[in-house]
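Notes follow the structure.
The values are calculated or read from the model by the stated rules, or taken from the named source; none is laboratory data. All of these numbers come straight from a predicted model, not from anything done at the bench. Counting neighbours? That spans all protein chains shown, and the Cβs are built from the backbone with ideal geometry, glycine included. Side chains included, ligands, DNA and RNA excluded: accessible areas come from the protein's heavy atoms. Shrake-Rupley method; radii C 1.70, N 1.55, O 1.52, S 1.80 Å.
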Amino acid sequence: MENKVNYDPSFAEEVFRNVDAGDEIKMCMNCGVCAGSCPLREHMDYPPRQIFALIRAGKREEVLGSQSIMLCTSCYTCAVKCPRSIPVIDVMHGLAHYALKQGYVPRKDTAAFGGEFWKQVYRLGRIDEKDLPRRVFFSGGLIEGVRAMLNFMDIGIKLMLHRRMKLLPERKIKGIQSLRKMLDKAERLGKGGAIA
Amino acid sequence: MADVQTTSQAILVVGGGMSGITAALEAAEAGYDVVLVERNPYLGGRVTQLYQYFPKLCPPNCGLEINFRRMRQNPKVRFFTMAEVASISGREGDYDVTVKMAPRYVNEKCTCCGKCAEACEAEIDNPFNYGMDKIKAAYLPHEFAFPMRYILDPSIVGTDQGKKCLDACEYGAIDPDMKETTFDLKVGAIVWAAGWNPYDAAKIDYYGFGEYKNVITNVMMERMAAPNGPTGGRILRPSDKKEPKNIAFIQCAGSRDENHLPYCSGICCLASLKQTTYVRERKPDCDIAIFFIDIRALDRLEDFYVKVQADPKVAFIKSKIANITEDEGTGNLILEGENTRTGEQILMNFDMVVLATGMVPNRIELDAAPDVTHDEYGFFTNNPEQPGIYGAGCVRTPTDVASSVQDATAGALKAIQSIARR
Ligand SMILES: Cc1cc2nc3c(=O)[nH]c(=O)nc-3n(C[C@H](O)[C@H](O)[C@H](O)COP(=O)(O)OP(=O)(O)OC[C@H]3O[C@@H](n4cnc5c(N)ncnc54)[C@H](O)[C@@H]3O)c2cc1C
Ligand code: SF4
Ligand code: SF4
Ligand code: SF4
Ligand code: SF4
């Protein structure tokens, strides 16, 4: 047969062997719940399901060079919903660590995003989807920030229409103090976000 | 009242759905004495609440009617409604069973004239329609009920309302003094055919069932489509009773999910495919989207899938919906997810959502019962260490009527063998 496409499982095997929790993706049934519920999905080049599908497809460069694995903030949304009980976060973090070890680095904007996400959770106990992009955009300076923000307007308006992004700034959650204690501890343990 | 003489040559069938009825009739027609106990005030089980059967789209009542006729003609089957097994002891060939019967407050003299219901002012949630409407507290469970006999809800017995019913009945059919009764049976084998319950959709919190009015379940959809249902056969949004312009079906709602039912419920793909035909025959311009992980229409049932696929008004979108929010102003529902074929995000608005919920088996939950075995999901498994008691139908596996009937025939044969061995 001509035009034969070989199935190349070598990258998947590399992941199963070397990445923490990497073999968990064998259980993934490609349902899309993680990708459909991740609060950062608009910012991810490949949401979790697509990362897992790419691993199976042998796309090493796309996966290890992906900003998504660096962006994941351990919010647990996907993990609590995954119908196959896959510890999606552990896999994403495992992949991020593995990518860093292999010499891949997060892009500047990804690092800024992760940093702001973390600070905002610390401040409010939740994510203000309007405020977060603003802070991220301006982390690179005023002019660049305005330009980036204009680009983002479309998504912002769409989100607002669907009440996902509220017009008023989010208030602090109840029990923010205990959340902060937890976050401090998590940071001390070196697990505070994939890029920490 | 229940004067039931049986011997260790008799077979007990628990559950009067399609599986139990089949097991009872097959054994009786082979010459064995059978006692059938059914918890509901009528026989037929869950299929009495279905509008049509896939794939032929015929009404379940014809099949049921044939079975009821077989039952009326065969003195070897005795059946008891509003009856449950209270305890089972003994072993193959020699079981002692206690059956508990709840009072119906209406005896066999009832002619179904309906005068009691006319006189009664009290209403209860209609269990037959999954609480979507109200019914008088003196009622016929449904128009094809077998046995065809009224029932009084315990809440009115001994009250003014109960008295009104009693006074209205010209046939002496109402008996407010009926009490719970128990009777003992001796049987040689038992067929457990207690069927299934719909999975509680409220447990899938991100779909908002119970909170968003226009999110309903597939069993409710069956009632809506039925002419004797709460809407007289019209498909209407619960919030404003308007006809929906578009409807989403969410497959595997609570099934194939480690957080809920880890197994595939087997029939809900076909049920949704069937329900698209309910919608289309009533409202040809209604758009339908089916959100699925994969469609499980096996063997010959695939033809039905192919038929629905050809309908230009039915879109199949490969995605397990991740979240539903309600638009408070309109009561519309906003579905979020990922289209796993294109990788695009889904953000779609629907007038109504049907959750394709799955089946939970009814296990034997008695203080005293032989050690029966279940699989990891709670389905009955025939235990070679415990011959004499056999599962039949949806207690063994979530499946359709045709397979339940086959399984029940096998169950009847096993029960007969248990008696023959003795
Ligand atoms: C939305 C939906 C649509 C469906 N549509 C179709 C279809 O179109 N075609 C098809 O073939 N199948 C369909 N099915 C599947 C069908 O409903 C089942 O195959 C069928 O009900 C199985 O019958 P059963 O007798 O095993 O269980 P059941 O119908 O559940 O009957 C069990 C009986 O046992 C009684 N019982 C329970 N516990 C006890 C107890 N402890 N003591 C005494 N009695 C008890 C119950 O009251 C009930 O009457 C559908 C299912 C769903 C969810
Ligand atoms: S939710 Fe779980 S099973 Fe579904 S695509 Fe994501 S990882 Fe795979
Ligand atoms: S844990 Fe990571 S991947 Fe999962 S939903 Fe949160 S950010 Fe997205
Ligand atoms: S109980 Fe009496 S009044 Fe009610 S339907 Fe039966 S016969 Fe008529
Ligand atoms: S039959 Fe279809 S909808 Fe039901 S659990 Fe299986 S795959 Fe999901």
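When only alpha-carbon atoms are used, what values of Rg and Dmax, in angstrom, describe region A:10-101?
Rg, Dmax (Cα atoms, Å): 11.5, 31.
Residues in region B:79-96 near a label at B:ASN383, defined as backbone nitrogen under 19 Å from the 7 Å Cα→Cβ point?
The answer is B:85-96, whose backbone nitrogens lie closer than 19 Å to the label point.
In Å, what is the Rg of the alpha-carbon atoms in region B:30-83, and how long is Dmax?
12.8, 35
Using DSSP to call loops (not H, G, I, E or B), can you name the chymotrypsin sites (Phe, Trp or Tyr not before Pro) in region B:353-411 whose Cβ has at most 14 other Cβ atoms within 10 angstrom?
Details: sites: B:TYR377, B:PHE379, B:PHE380, B:TYR390; in loops: B:TYR377, B:PHE379.
Here the sparse-neighbourhood loop sites are B:TYR377.
If packing is taken as the average number of other Cβ atoms within 10 Å across a peptide's residues, how do A:56-62, B:414-420 rank, most packed first? Walk me through the numbers before you get to the answer.
Values: A:56-62: 15.7, B:414-420: 19.3.
Per-residue mean Cβ counts within 10 Å order the peptides as B:414-420, A:56-62.
Given N residues in region B:237-382, what is its alpha carbon radius of gyration divided by 2.2 N^0.38 Å?
Details: Rg = 17.8 Å, N = 146, 2.2 N^0.38 = 14.6 Å.
Region B:237-382 yields a ratio of 1.22.
Excluding residues on the same chain fewer than 8 positions from B:LYS414, give the aspartates and glutamates whose Cα lies under 20 Å from its Cα.
B:GLU26, B:GLU29, B:ASP33, B:GLU92, B:ASP94, B:ASP96, B:ASP371, B:ASP375, B:GLU385
Please report the base-10 log of the normalised intensity I(q)/I(0) for the protein assembly as shown, using a Debye sum with one equal scatterer per alpha carbon and no solvent, at each q in 0.11, 0.12 (1/Å).
Taking Cα atoms of the protein assembly as shown as identical point scatterers yields -1.11, -1.21.
No solvent, one uniform scatterer per C-alpha: report log10 I(q)/I(0) for region B:1-136 via the Debye equation at q = 0.13, 0.14, 0.17 1/Å, two decimals.
-0.70, -0.80, -1.09
What does the highest-first list of A:84-94, B:126-136 look like by mean Cβ count within 10 Å? Kindly include the intermediate steps, with their values, before the conclusion.
Values: A:84-94: 21.5, B:126-136: 17.9.
Those peptides, ordered most packed to least, come out A:84-94, B:126-136.
About the Cα centre of region B:37-177, what is the dipole size in debye to 20, counting +1 per Lys and Arg Cβ and -1 per Asp and Glu Cβ, all else neutral?
Values: 18 positive and 19 negative charges, 125 e Å.
About 600 debye.
Using the Kirkwood radius over C-alpha pairs as Rh, can you work out the diffusion coefficient of region B:115-168 via Stokes-Einstein at 10 °C, viscosity 1.306 mPa s, in µm² per second?
On the way: Rh = 11.3 Å.
Approximately 141 µm²/s, per Stokes-Einstein.
Within 10 Å of each Cβ in B:310-320, how many Cβ atoms from other chains are there, averaged over the peptide? Please list the in-between numbers first.
Working: counts 0, 0, 0, 0, 0, 0, 0, 0, 3, 6, 11.
Mean partner-chain Cβ count within 10 Å for B:310-320: 2.
Please work out how much length the chain gains when fully extended from B:ASP96 to B:GLU170, using 0.36 nm per residue of separation minus the C-alpha to C-alpha distance, in nm with one decimal. Mind dumping the intermediate values first?
Details: separation 74, 0.36 × 74 = 26.64 nm, distance 4.04 nm.
Between B:ASP96 and B:GLU170, full extension yields 22.6 nm more.
For peptide A:36-42, how many partner chain Cβ atoms fall within 10 Å of a residue's Cβ, on average? Don't skip to the answer; put the middle values down first.
Working: counts 14, 7, 3, 0, 0, 4, 1.
Shielding by partners across A:36-42 averages 4.
Summed for both chains, how many Å² of accessible area, to the nearest 100, are buried between B and A with a 1.4 Å probe? Show your work: numbers first, answer last.
On the way: alone 18750 and 11970 Å², together 28970 Å².
The B and A chains share an interface burying roughly 1800 Å².
Taking a spot 7 Å from the Cα of A:VAL80 along the direction of its beta carbon, which residues of region B:311-343 have an amide N less than 18 Å from it?
Correct set: B:321-326, B:336-337.
Place a point 7 Å from the Cα of B:ASP311 along the Cα-to-Cβ direction; which residues of region B:253-282 have their backbone N under 17 Å from it?
So the set is B:268-282.
Output the 0 to 90 degree angle, nearest 10, between the alpha-carbon long axis of helix B:60-73 and the longest principal axis computed from the alpha carbons of chain B.
The helix B:60-73 is inclined about 0 degrees to chain B.
So, R0 is 45 Å and r is the distance between the beta-carbons of B:ALA368 and A:MET182; what FRET efficiency does that work out to, to 0.05?
Values: r = 49 Å, r/R0 = 1.08.
Result of the calculation: an efficiency of 0.40.
Once you place label points 7 Å from the Cα toward the Cβ at B:ASN228 and B:SER87, how far apart are they in nm?
Once both label points are built, they end up 3.8 nm from each other.
Determine the gain in length on full extension of the stretch B:ARG72-B:GLU328; use 0.36 nm per residue of separation and subtract their C-alpha separation, reporting nm with one decimal. The partial results should precede the final answer.
Working: separation 256, 0.36 × 256 = 92.16 nm, distance 5.30 nm.
The span from B:ARG72 to B:GLU328 would gain 86.9 nm if fully extended.
Pull up the cross-link candidates among the lysines for B:LYS56, meaning alpha carbon to alpha carbon under 21 Å and not fewer than 8 places away within one chain.
Answer for B:LYS56, where 21 Å is the Cα cut-off: B:LYS274, B:LYS283, B:LYS307, B:LYS313, listed by chain and number.
Counting only other chains, and only Cβ atoms inside 10 Å, what mean value do you get across the residues of B:327-337? Let's see the in-between values first.
Values: counts 2, 1, 0, 0, 0, 0, 0, 4, 1, 5, 6.
The shielding value for this peptide is 2.
Arrange the peptides B:152-160, B:209-217 so that the one whose residues have, on average, the most other Cβ atoms within 10 Å appears first. If you can, show how the numbers build up before the last one.
Details: B:152-160: 16.6, B:209-217: 19.8.
Ranking the peptides B:152-160, B:209-217 by packing returns B:209-217, B:152-160.
Given a cut-off of 29 Å, name the pairs among A:LYS4/B:LYS318; A:LYS101/A:LYS174; B:LYS76/B:LYS136; A:LYS119/B:LYS203; B:LYS115/B:LYS179; B:LYS213/B:LYS320 whose C-alpha atoms lie farther apart than that in the structure shown. Walk me through the numbers on the way to the answer.
Working: A:LYS4/B:LYS318 27 Å; A:LYS101/A:LYS174 39 Å; B:LYS76/B:LYS136 35 Å; A:LYS119/B:LYS203 33 Å; B:LYS115/B:LYS179 23 Å; B:LYS213/B:LYS320 21 Å.
From the list (A:LYS4/B:LYS318; A:LYS101/A:LYS174; B:LYS76/B:LYS136; A:LYS119/B:LYS203; B:LYS115/B:LYS179; B:LYS213/B:LYS320), the Cα-Cα distance tops 29 Å for A:LYS101/A:LYS174; B:LYS76/B:LYS136; A:LYS119/B:LYS203.
Find, among the trypsin sites (Lys or Arg not before Pro) in region B:29-90, those assigned to loop by DSSP (not H, G, I, E, B) with at most 16 other beta-carbon atoms within 10 angstrom.
Values: sites: B:ARG39, B:ARG46, B:LYS56, B:ARG69, B:ARG70, B:ARG72, B:LYS76, B:ARG78; in loops: B:ARG39, B:LYS56, B:LYS76.
The qualifying sites are B:LYS56.
Where the only charges are on Cβ atoms (+1 Lys, Arg; -1 Asp, Glu), what is the dipole of the protein assembly as shown about its Cα centre, to the nearest 20 debye? Before the final figure, lay out each step's value.
Details: 77 positive and 78 negative charges, 284 e Å.
I would put it at about 1360 debye.
With all protein chains present, how much of the accessible area of the protein assembly as shown (probe radius 1.4 Å) comes from carbon and sulfur, to the nearest whole percent?
Details: 14760 of 28970 Å².
Ligands and nucleic acids excluded, carbon and sulfur reach 51 percent.
Just to verify a number: FRET efficiency for B:GLU211 and B:GLN417, C-beta to C-beta distance, R0 = 60 Å, to 0.05? Write down the numbers at each step before the final one.
On the way: r = 51 Å, r/R0 = 0.85.
Result of the calculation: an efficiency of 0.75.
What is the calculated FRET efficiency for B:ASP299 to B:GLU29, with r their C-beta to C-beta distance and R₀ = 45 Å, to the nearest 0.05? Write down the numbers at each step before the final one.
Values: r = 28 Å, r/R0 = 0.63.
Step by step, r from the Cβ atoms, then E = 0.95.
For the Cα atoms of chain B, what angle does the longest principal axis make with the long axis of helix B:401-421, in degrees from 0 to 90, nearest 10?
In chain B, helix B:401-421 runs at an angle near 30 degrees to the longest axis.
For region B:85-126, what log10 I(q)/I(0) values come out of the Debye formula at q = 0.26, 0.33 1/Å, with one point per alpha carbon and no solvent?
Treating every Cα as an identical point scatterer, log10 I(q)/I(0) equals -1.01, -1.13.
With +1 assigned to the C-beta of every Lys and Arg and -1 to the C-beta of every Asp and Glu, and no other charges, what is the dipole magnitude of region B:199-359 about the Cα centre in debye, to the nearest 20? Could the numbers behind the result be given before it?
Values: 20 positive and 23 negative charges, 119 e Å.
For region B:199-359, the charge dipole is close to 560 debye.
Find the Cα radius of gyration of region B:197-245, compare it with 2.2 N^0.38 Å by division, and give the number to two decimals.
Numbers: Rg = 11.4 Å, N = 49, 2.2 N^0.38 = 9.7 Å.
So the Cα radius of gyration is 1.18 times the expected 2.2 N^0.38 Å.
How much solvent-accessible surface does B:CYS110 expose, in Å² to the nearest 10, with a 1.4 Å probe and all protein chains in place?
30
Enter the angle in degrees (range 0 to 90, nearest 10) between the Cα long axis of helix B:18-29 and the first principal axis of the Cα atoms of chain B, meaning the one along which they spread out most.
The angle comes out near 30 degrees.
Taking the DSSP beta bridges in chain B as the whole, what percent of them are antiparallel, to the nearest 5? Before the final figure, lay out the partial values.
Working: 37 of 72 bridges.
Just about 50 percent of them are antiparallel.
Putting +1 on Lys and Arg Cβ atoms and -1 on Asp and Glu Cβ atoms, find which of B:SER19, B:LEU57, B:PRO41 reaches farthest to the positive end of the dipole of region B:1-74.
B:LEU57
Along the three principal axes, how long is region B:202-318 when you take its alpha carbons, biggest first, rounded to the nearest angstrom?
So the extents along the principal axes, rounded to whole Å, are 35, 33, 25.
In square angstrom, what is the accessible area per residue of the protein assembly as shown with a 1.4 angstrom probe? Working shown, then result.
Working: 28970 Å² over 618 residues.
Dividing the accessible area of the protein assembly as shown by its residue count gives 47 Å².
If a/c stays under 1.5 just call it rounded; otherwise compare a/b with b/c (prolate if a/b is bigger, oblate if not). Do that for chain B, with a ≥ b ≥ c from the square roots of the Cα gyration tensor eigenvalues. Before the final figure, lay out the partial values.
Working: a/c = 2.11, a/b = 1.36, b/c = 1.55.
Cα axes put chain B in the oblate bin.
For chain B, what is the calculated [θ] at 222 nm in deg cm²/dmol (nearest 500), taking -39500 (n - 2.57) for each run of four or more DSSP H residues and dividing by its residue count?
That comes out to -6500 deg cm²/dmol.
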